[in-house]
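The values are calculated or read from the model by the stated rules, or taken from the named source; none is laboratory data. Quick caveat, the model's predicted, so the values are computed rather than measured. Note that each Cβ is placed from the backbone with ideal geometry, even for glycine, and that neighbours are counted across all protein chains shown. Note: accessible area is taken over every heavy atom of the protein model, side chains too, but ligands, DNA and RNA are not part of it. Shrake-Rupley method; radii C 1.70, N 1.55, O 1.52, S 1.80 Å.
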Amino acid sequence: MNKELIQNDSKKSIQPSAPQTSSPIPGNKKTGYLNENFQLFHIKDQIQRDFDFHYHDFNKVVFFLSGNVTYLIEGKAYYLKPGDILLVKQYDIHKPVIEASVPYERIILYIKNDYIRSLNDDVCDISTCFHEIENRSYNLIRLNTTLQTRIRDNISQLEHALKSQEFGSSLLSNSLFMQLMVYLNRIVLEKEYIEDRASLKYDSQTEQILNYINQNLSQDLSIEALAERFYISKYHLMRKFKSETGYTLHNYIIQKRLLQANQYIHQGTGIQKAAEQSGFQDYTTFSRAYKTHFGHAPTAK
């Protein structure tokens with residue numbers, strides 16, 4: 001399988017992806033492993049590279065610096081400009097489409113969910129920005145010059161702290177990370193970003209279908225049921241979904257159900273109940289699909 005190759009300019013480096021078992025959805029793969037609370041990568045390259053659709057089991061922030069890149073996230077295409085920020089929620093299926101005629105420079109931040117939860121208090125949840133972009137179905141943050149400068153300064157300080165061997169560099173890194181996340185949440189919650197719909201392309205009906213699927217994974221999501229609900233022939237639905245998203249309707253639903261079931265299991269839900277709540281009516285089918293996708297049978301946490 002193709003790995004998401006990363007050249008790391010910081011002290012921390014990502015572990016290479018372990019060999020993956022075949023997935024129920026060809027091309028939609030988990031990539032990257034996160035062994036730290038968070039990791040930052042500053043990458044500049046000019047390589048012709050075709051990415052598969054993939055997902056992560058952690059949250060991801062992309063700070064776009066230069067290049068000619070379109071980012072595809074859950075059926076939407078974002079045409080990026082220097083200074084743009086993309087928030088990619090855990091399990092969002094995505095890929096960049098890169099024009100290699102110009103250098104592609106970006107800073108990528110991987111963030112472990114458990115770490116975010118450990119930082120929250122009764123008032124503030126710094127994962128709110130990821131939930132908000134999901135609710136708004138809009139992953140792009142485009143800032144004015146003043147806010148761009150503030151965020152870029154914060155990231156530069158964080159990069160320096162991560163590389164530093166000075167006293168307290170780890171504490172400073174965590175503090176700067178927290179500061180960055182607070183800024184991003186304020187920007188999203190207060191809608192301080194520029195909403196440039198010209199930089200976004202998507203099909204509104206496909207968006208409605210995607211939203212319905214992700215909000216109703218436990219319900220009947222057969223092609224017949226969806227076609228009836230959205231007043232479209234099932235054959236046209238299948239063709240349109242594949243054309244707009246890059247993956248088949250059936251396989252998309254199976255993967256989303258598996259990911260939700262896996263999350264329920266990690267939260268302590270019983271395996272059979274997790275399967276049922278995620279839309280699997282037959283446990284044998286669920287167990288087989290789970291093992292094929294994750295490489296092992298489902299186990300209680």
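Things to note:
Residues are listed down the side, and each one gets a yes or a no for (1) under 18 Å from L40 (Cβ atoms); (2) part of a loop (DSSP other than H, G, I, E, B); (3) in contact (Cβ under 8 Å) with a residue 60 or more places away in the chain:
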| residue | (1), (2), (3) |
| --- | --- |
| P82 | no, yes, no |
| L87 | yes, no, yes |
| V97 | no, no, no |
| L109 | yes, no, yes |
| R117 | no, no, no |
| D122 | no, yes, no |
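- Yes/no for E134 being under 13 Å from the mean Cα position of the chain (by Cα) and surrounded by fewer than 20 Cβ atoms within 10 Å (Cβ to Cβ): yes
- Some residue of segment 43-51 being in a strand (DSSP E or B) and buried (at least 20 other Cβ atoms within 10 Å of the Cβ): no
- If you go through segment 76-116 and keep only what is open to solvent by 30 Å² or more (accessible area, probe 1.4 Å) and of a type in the set (A, V, I, L, M), you end up with V97, V102.
- When restricted to residues that are buried (at least 21 other Cβ atoms within 10 Å of the Cβ) and in a loop (DSSP other than H, G, I, E, B), segment 59-74 contains 1.
- Failed condition for T245, given (1) more than 25 Å from Q281 (Cα to Cα); (2) over 25 Å from the mean Cα position of the chain (by Cα); (3) of a type in the set (S, T, N, Q): (2)
- Restricting the search to helices (runs of 4 or more DSSP H) fully inside segment 142-259 and requiring at least 1 residues that are open to solvent by less than 30 Å² (accessible area, probe 1.4 Å) and either under 21 Å from Y71 (Cα atoms) or of a type in the set (D, E, K, R) (or both) gives 145-163, 169-189, 204-215, 234-245.
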